[in-house]
Amino acid sequence: MSLIRDKFKIRIFVLIFVIVYLVFPTSFFYGENNKLFETSSPDSSFKVVVYKSGLYNLYSLYKYINNEDYFFVVYDKCANVVFKPSLWFGVSQSVVYGGFHFSKHNRNELFFPTNDGVDSTELTEGSSCSP
């Protein structure tokens, strides 16, 4: 009887693992290997880095087919993550190259492209960097 319960538990675990893997967010893994370009704020207090998602599961294939396989992360001057959109955020290549702009009146406001237009966010600087 315990062998049947163990097999059932293993099957449930494998099923949950497969489901999670199939819909795992495409912007969870990023680094130098999928970095596309970067741009800095006029005073160099923030840096926007654009990444391209890889095709590694069913959800990333869906994002690729819908042309939403690019995402970005904003870092401060100490290389700390200041802003990252939702894990399911994605934009097309043509939109990404549309540009990221910092407000001329408020140096902490970032305007970024989306597939539906332009959005903005207020960035907050972290604590000062220690050498």
Suppose we keep only residues that are among the hydroxyl-bearing types (Ser, Thr, Tyr) and in a loop (DSSP other than H, G, I, E, B) within the stretch 1-54. Which one would you say is surrounded by the fewest Cβ atoms within 10 Å (Cβ to Cβ)? 44
Name the single residue that is farthest from residue 75 (Cα to Cα) among those in the stretch 85-101 being free of Cβ contacts under 8 Å to residues at least 60 places away in the same chain and assigned to a helix (DSSP H, G or I). 94
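Test residue 108 against the stated conditions and say whether it is at negative phi, at pLDDT 80 or above and loosely packed, with under 12 Cβ neighbours inside 10 Å.
On the way: at negative phi: yes; at pLDDT 80 or above: yes; loosely packed, with under 12 Cβ neighbours inside 10 Å: no.
So residue 108 fails the test.
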Looking at the stretch 80-113, which of its residues are farther than 30 Å from residue 20 by Cα and aliphatic (A, V, I, L, M)? 110
Looking at the stretch 102-127, which of its residues are not polar (S, T, N, Q) and not in a strand (DSSP E or B)? 104, 105, 107, 116, 123, 125, 126
Return yes when residue 120 is closer than 30 Å to residue 18 by Cβ and among the polar types (S, T, N, Q) and no when it is not. no
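The values are calculated or read from the model by the stated rules, or taken from the named source; none is laboratory data. These numbers come from a predicted model, not from an experiment. All Cβ positions, glycine included, derive from the backbone under ideal geometry; neighbour counts span all protein chains shown.
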